[in-house]
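This report refers to the structure that appears directly beneath it.
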Amino acid sequence: MPDGATIQRMFAEVAPGYDRANRALSLGIDVWWRRVTTGIVGVKSGERGLDVCSGTGDLCFALQRAGAEMVGADFCAPMLSFTHDKAQRLGARRPRFVTADAMQLPFADASFDFATVAFGIRNVQEPVVALREMARVVRPGGRVVVLEFAQPRVPLFGALYRFYFGRVLPWLGGKISGAKNGAYRYLHDSVMAFPERDAFLGLMREAGLARPRTRLLTGGVAAIYRGEVEAG
Ligand SMILES: C[S@@+](CC[C@H](N)C(=O)[O-])C[C@H]1O[C@@H](n2cnc3c(N)ncnc32)[C@H](O)[C@@H]1O
């Protein structure tokens with residue numbers, strides 16, 4: 001796995017074309033995935049939420065729209081810089097965004113009602129450390145929700161997906177985003193290497209999260225994981 005500085009540089013280069021590439025490569029399905037994630041968080045109006053690895057802020061804006069007071073955190077400032085334009089485009093108030101590493105969050109214990117991360121945990125050097133940090137900053141009884149790529153296991157669909165993801169996407173992603181740094185090859189490799197489903201539920205338990213469970217999306221191309229911070 002590339003080190004943190006390499007990941008930061010890679011996302012800094014991808015940042016200008018990141019949203020455009022996401023929409024095109026997923027045929028817009030990633031918007032729906034974030035909507036389902038927002039539903040699984042179960043936001044109550046006025047709740048305080050933290051979105052880690054927030055990037056250009058898509059999940060943060062969706063959760064804010066659902067009624068939460070959001071803070072976004074990401075260690076790549078160029079990704080965060082695109083949240084200004086996005087707020088304007090959406091006619092939305094811009095949540096607070098902080099440049100921070102997911103493994104060392106600059107927030108007090110129990111200062112949020114929930115924490116989320118979308119397509120970010122896979123990039124973090126030590127995912128359990130980040131999950132533990134998310135659990136730490138969420139109040140007892142609060143939730144930690146993760147949206148991440150998975151690998152479909154239905155035979156024919158799985159084979160088609162692996163062809164698209166392994167052969168088409170690295171080339172097409174580079175063309176659409178303008179990135180020349182192999183970011184979309186890295187996307188493929190990191191998804192293939194990442195623990196998913198039961199293994200990831202195990203990581204959540206290791207991080208101290210209670211009642212971890214998962215919901216698969218789009219034939220298992222993505223998964224939402226939800227755990228709770230033990231109350232008392
Ligand atoms: C694939 S993007 C996802 C962005 C956004 N959550 C979304 O759904 O579009 C991954 C993001 O994670 C960030 N990231 C990776 N490792 C990180 C870390 N250790 N701490 C904070 N942010 C990190 C990257 O800078 C990048 O913005």
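Rg (Å, one decimal) plus Dmax (Å, integer) for the alpha carbons of the stretch 84-185?
Using the Cα atoms of the stretch 84-185, the pair Rg, Dmax is 17.7, 47 Å.
First check a/c for the stretch 1-47, with a ≥ b ≥ c the square roots of the eigenvalues of its C-alpha gyration tensor; if it is under 1.5, answer rounded, and if not, answer prolate when a/b is larger than b/c or oblate otherwise. It would help to have the intermediate numbers written out before the result.
Numbers: a/c = 2.75, a/b = 1.59, b/c = 1.73.
It comes out oblate by the Cα gyration axes.
With a ≥ b ≥ c taken as the square roots of the eigenvalues of the C-alpha gyration tensor of the stretch 46-110, please select rounded if a/c is under 1.5 and otherwise prolate if a/b is larger than b/c or oblate if it is not?
Numbers: a/c = 2.49, a/b = 1.20, b/c = 2.08.
Note, shape of the stretch 46-110 comes out oblate.
Please report, for the Cα atoms of the stretch 107-162, the Rg to one decimal and the Dmax as a whole number; what are they, in angstrom?
Every Cα atom of the stretch 107-162 included, Rg and Dmax give 15.2, 47 Å.
What's the magnitude of the charge dipole for the chain around its Cα centre, counting Lys and Arg as +1 and Asp and Glu as -1 at the beta-carbon? Answer in Debye, nearest 20.
On the way: 30 positive and 22 negative charges, 145 e Å.
With Lys and Arg at +1 and Asp and Glu at -1, about 700 debye.
Working from the alpha-carbon coordinates of the stretch 19-173, get Rg over Rh, Rh being the Kirkwood radius.
Numbers: Rg = 16.0 Å, Rh = 16.3 Å.
Reported Rg/Rh, Kirkwood definition of Rh: 0.98.
Limiting things to C-alpha atoms, what are the Rg and the maximum Cα-Cα separation (Dmax) for the stretch 131-208, in angstroms?
Answer for the stretch 131-208, Rg first and Dmax second: 16.2, 45 Å.
Taken together, the values in this text are just the output of simple stated rules run on the coordinates, not laboratory data. None of these values were measured; they are calculated from a predicted model. Cβ sites come from the backbone with ideal geometry, for glycine too, and all protein chains shown count toward neighbours.
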